[in-house]
Each structure stands twice: as structure tokens, then as C-alpha cells.
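To start, the structure itself, in C-alpha cells.
The values are calculated or read from the model by the stated rules, or taken from the named source; none is laboratory data. What you see is a predicted model; the values in this text were computed from it and never measured. Reconstructed Cβ throughout: ideal geometry from the backbone, glycine too, with neighbour counts over all protein chains shown. In case anyone asks, the SASA skips ligands and DNA or RNA and just uses the protein heavy atoms, side chains included. Shrake-Rupley method; radii C 1.70, N 1.55, O 1.52, S 1.80 Å.
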Amino acid sequence: MKSSLRPSLVNGPFQDPALFVALRWQGDALLFDLGRIDRLGPGNCLRLTHVFVSHTHMDHFMGFDYLLRLTLPRERELTFCGPPGLIANIAGKLAGYTWNLTENYTLRLVVVERHDDRLVRACFRAATSFACEPMVDVVTPSGELVTEPSFQVQSATLNHRIPCLAFRVGEPRHLNVRTDALDRMGVKPGPWLSRLKAALRAGLEDESIAIPGSAMTPRTARELKRELIIEQSGQQIAYVVDTLFDAANASRIVRLARDVHVLYAEARFLHADRAEAEARHHLTARQAGFLARAAGVRRLEVFHFSPRYQGMAQAFHAEARAEYLGETRLEQEERWARDLVAWRDDAATDTAERASGVDS
Ligand SMILES: [Zn+2]
Ligand SMILES: [Zn+2]
């Protein structure tokens, strides 16, 4: 089954961070961070429905103007999600221009701030000169940010001497139909399978599903799932930038990024300069590699290298890779880091015990 999320970094590793995630079936797209994005081009910018801003340091936010310029005359809604303060930051950007000829424009910006226990929201409409219109708060469990039929985004708040959001985006689980089971039951595929999948995705397993053209009495979604459906988890991607490497941040990152297919992680410095990385609340390549190993991610992409190392990209990849593969082991130097990798050792032991039938 092909994944519906297609991620790609907009810029090279020494340039502004921005991750474009195309939604294959919808034609829409998501963007994680909003630094310089002119390389994305108008066509891709106009596919965006949601923009996730980790924090509003300039290298993560200066592309707002470019995006606004392109979308201004369009009939659409764009949602921006980020840390507390994003509404004021966007209001400030909008206040920098004059809006006396936009009363017939329909563009609407919705801005969502992730606070501890709630989402604080506001909207800005071109038709009303982008005056800030507060919306009601939404109380949600911490970490939940956006849930749409085609994707979900969760976040974790990290310490970059300001709150900085890390994100995890996932597609819904795949529900694959077993054609051999259809044959065995003597029924034909059709729109009823979409109804079955929709019921399962919505958690309505008691819903009765009729199978047209069949003598069978309607069955519950639960019964049909047992006979017909193979579930696979959908693709998951994590995006982590600009954060201090300490116990609190690292455990939040490991929880957020656990078992993802790909982790995009900043690596601003090489580990030789870890004191400076710590002072500036950034990760080194080796620390990024450690977090990827501790979270059990399947692939690690490091980026957002400091321009001072121009021409040394290979050194970042080599350092991150050695730690990710366990050839170097940061947990032997950082006491707290041992606890973070312990869950993987426990999980490996569990699996080995199950495999060998040991019952302890
Ligand atoms: Zn920053
Ligand atoms: Zn940055």
C-alpha cells in the first residue's frame, strides 16, 4: 500500500528549515516551518492548507509574507498552528501592510496556538482588513493539534529558551481488503467496502453494513473486519528543530517520535561544539542521532546545519549515523540518557521472550 504522505525538505541543509508534505490523494499539502520558501514555487504554495510553525525566529517564519502574497487574491482558508504568541506575531506581520482595497477578497487565515490544555484561536479575514477576530478556545488533551480525515498532527512543546513545537504527522491506518476472503464469502467489492472502512475509522464497529447483491443478512462492521480486513499503521513522520539537549526535551522527543518512519531533526552543530549548542539551545548531529535511536525511528534525516560548517555536510551525516546505529553511544556519557534507551532494550527482551516462548 502506497503511503499518502510525501515529505521533502524545501531547502538545502545549510538553508532555512521547511518541510513540505504533499497529501498524495487530496492534492493538498502541509508545511512545517515557514523560513525562506521561494524554492517551493507558487504551485506548491497554493496547495497548502495547514502551516505548522515551530517558533517565530526569523529563519522559521520569514516566508509568511511570500505565502500571503501568493494566496491573497485566492478564495481559500489557510490554517497556521504554532506556540503561544503566534496570533500576535501574525497580527504584527499583517499590521505592516495597508489593506484598503481587499474588501472583496475572500482569503481567511485561521491561527491556532497550542497552550498546555487548550487551543487558543483567532481568525483574520482579508475582507475586514485582517482585523484580529478571536475564536472560542478548544480544550484538548495536550499534544493533539489537528485531526482531519486524511492526516493527524500532534505536537510536543520543547525548550529553545522559548517554547518551540516539535510535530508528528501521520496518515490514518491502512485498511486493506483481503480479496481471497471476498471470494470465499462469494461477495463482490463495491461502495459498501468504503462504508465499512468509514465505520471502522470512526470507531463505529457495531454499525450494520448491508452487502448489496448478496443473500447475506447485514453484518456488523466488527464481524466484517475480522473476516475481511488487514490493518496496517499509516506512515508517520516527526519534525524536530531548535531545542536544547536535556532530559526533559529528549524524553518529550522520544515520546513524540517513537517508531516513526522518518524523523527530520535539526543538527545545528557538530558535537565538538556541543558547549555552544547547549548555550544556544540547539542539537548537535550526534545528539540528533541518539534521539533517533532512542525513539526507534526507521530513518533519520538531519538538516538545519549552521552555515559556518559550509562544505562539511558529510561530517554531520557521519556523526549522526554513527550514533543512530549505536557505533557511538551517548548514553555512556550522559547518565539520564540511559533511561531513554532502556525502553527499547525492554521491548527487545519482550519480543525475544515471546518468540522463544519463555514465560517468566
Ligand atoms: Zn530558533
Ligand atoms: Zn532555527
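Considering region 278-309, and only residues there that are open to solvent by 30 Å² or more (accessible area, probe 1.4 Å) and within 16 Å of ligand 2 (Cβ to nearest atom), the residue that is nearest to Asp16 (Cα to Cα) turns out to be Pro307. Checked against (1) open to solvent by 10 Å² or more (accessible area, probe 1.4 Å); (2) touching a strand residue (DSSP E or B) at 6+ places or on another chain (Cβ under 7 Å), Gly213 passes all but condition (2). Condition test on Glu223, is it among the acidic types (Asp, Glu) and in contact with a Lys or Arg (Cβ under 7 Å, 6 or more places away or on another chain)? No. Out of the residues in region 247-277 meeting the condition of being closer than 15 Å to Glu301 by Cβ, away from ligand 1 (no atom under 16 Å from the Cβ) and aliphatic (A, V, I, L, M), tell me which one is surrounded by the fewest Cβ atoms within 10 Å (Cβ to Cβ). Going through the qualifying residues, I end up with Val262.
Within region 158-165, identify whether any single residue is touching a Pro at 6+ places or on another chain (Cβ under 7 Å), modelled with pLDDT of 90 or more and under 23 Å from Leu5 (Cα atoms), and answer yes or no. The answer is yes; a qualifying residue exists. Within region 150-181, being part of a helix (DSSP H, G or I) and open to solvent by 10 Å² or more (accessible area, probe 1.4 Å) holds for Thr179, Asp180.
Among the residues of region 39-81, just one is within 16 Å of ligand 2 (Cβ to nearest atom), of a type in the set (Ser, Thr, Tyr) and open to solvent by 20 Å² or more (accessible area, probe 1.4 Å), namely Thr56.
Yes/no per residue for (1) in contact with a helix residue (DSSP H, G or I) (Cβ under 6 Å, 6 or more places away or on another chain); (2) in contact (Cβ under 8 Å) with a residue 40 or more places away in the chain; (3) over 14 Å from Leu256 (Cβ atoms):
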{"site": "Glu133", "(1), (2), (3)": "no, no, yes"}
{"site": "Ser142", "(1), (2), (3)": "no, no, no"}
{"site": "Gln154", "(1), (2), (3)": "no, yes, no"}
{"site": "Arg168", "(1), (2), (3)": "yes, yes, no"}
{"site": "Glu171", "(1), (2), (3)": "no, yes, yes"}
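Reported count of residues in region 97-120, each being open to solvent by 60 Å² or more (accessible area, probe 1.4 Å) and in contact with a strand residue (DSSP E or B) (Cβ under 7 Å, 6 or more places away or on another chain), is 3.
Screening Asp16, Asp28 for residues that are within 16 Å of ligand 2 (Cβ to nearest atom), of a type in the set (Asp, Glu) and under 19 Å from the mean Cα position of the chain (by Cα) leaves exactly one candidate, Asp16.
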